[in-house]
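Q: My questions all concern the structure below.
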Amino acid sequence: MYRNMDIATLQSTKWQDNHDHILSTGKVRTEFETFMSAVNHALRGVEFCLVGTDWAYVYRKGDTHALGKLGYGDMLKNARGANQYGVNSRRIENKKYRDDSDYYFTAASKTMKVAVATACTHLVPLSVQEAMYHSRQHFVNKSGEALQHVSTASTESYDKTVRDNSYGTREAINSRLMKELRILLETGYSFTDPTLSDELREMFAHQTAYNELSTIQKIFLYFVRVTESFGQTVGDVALVDWSKYRYAREHDAGGTLMHAPVEHLPQFILGGIAVLSMVEPNQYVAGVGMRVDDRQFFIAEREEK
């Protein structure tokens, strides 16, 4: 299975330290270095992240995902052969191998010129639908974790506020809330316990988050990708149609809804990005959405005021 790699991961300290360590060993073949240099020139200044002495991810700093990989060495599976130049891309189909094998997505050539041409043809940026399809699992995982958290928090706040942490119905009838409601019914009196209002608000907030997350795959969500292209910050927007991903591997969700300078995106999307940019990656914010990384966001639909 081909794996689309996040650039945020490639630029992390762990991966960059590994890249620098491989370079420092002096074990990267001259032919591979020459190959990378030629591809760098042909693709107008791409970056590389070595994952070994014979393979490297290729990426552009302004994108969200790597373009693919380059390699140099023995490109045959379960056999030994002469060293070749390799290009690994989601767009390549080497039908000599199964489609769940990494070799299926690799084209090998004995000549560097042919390999560079292959790289120019197949190492292209992901569409917004491809990026969304790859990143949606982050959202599924983190929204599930958030659902579990707010479910527990909702139960705990209910027990604390409504039942006074009591263990039986008879005791619960005498909880603070029941006492307050009895006063309201009899005299219209406001809450006498100053902490109860805040606890009720907290309980209702947890319940709202729980209701939202339990139906998250039934509401409109928008995947937003922010990229840099020749000095301009561009936003791409795609609708997340959960029904198309439940049993299929296809990523096409019906096209790009919007492709424009980021400042021209709808206000609810810009507002969502502003809120999510203040939290850590992969953190779900009720009523807003989730930030995957600095360039990818899932935004919940909201009416603009």
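Just so you know, all these numbers are worked out from the coordinates, no wet-lab data involved. Given the structure is predicted, the values throughout are model-derived calculations rather than measurements. When we count neighbours, we look across all protein chains shown, and the Cβ atoms used for this are built from the backbone with ideal geometry, even at glycine.
Q: Looking at the P(r) of the range 134-216, how many percent of alpha-carbon pairs lie beyond 14 Å?
A: Tail of P(r) above 14 Å: 68 percent of Cα pairs.
Q: Okay, moving on. Counting only pairs 8 or more places apart or on different chains, how many lysine pairs in the range 1-92 have C-alpha atoms closer than 22 Å?
A: 6
Q: Give the peptides 122-131, 260-269, 153-162 in descending order of average Cβ contacts within 10 Å, highest first.
A: Top to bottom by mean Cβ count within 10 Å: 122-131, 153-162, 260-269.
Q: Grab the beta carbon distance between A117 and K218, set R0 = 45 Å, and tell me the FRET efficiency rounded to 0.05.
A: For R0 = 45 Å, the calculated efficiency reads 0.45.
Q: Using label points projected 7 Å from each Cα along Cα→Cβ, tell me how many nm separate K110 and D294, to one decimal.
A: Modelled inter-label distance: 4.5 nm.
Q: At q = 0.08, 0.14, 0.16 Å⁻¹, work out log10 I(q)/I(0) for the chain with the Debye formula, treating every Cα as an identical point scatterer and leaving solvent out; two decimals please.
A: -0.51, -1.08, -1.26
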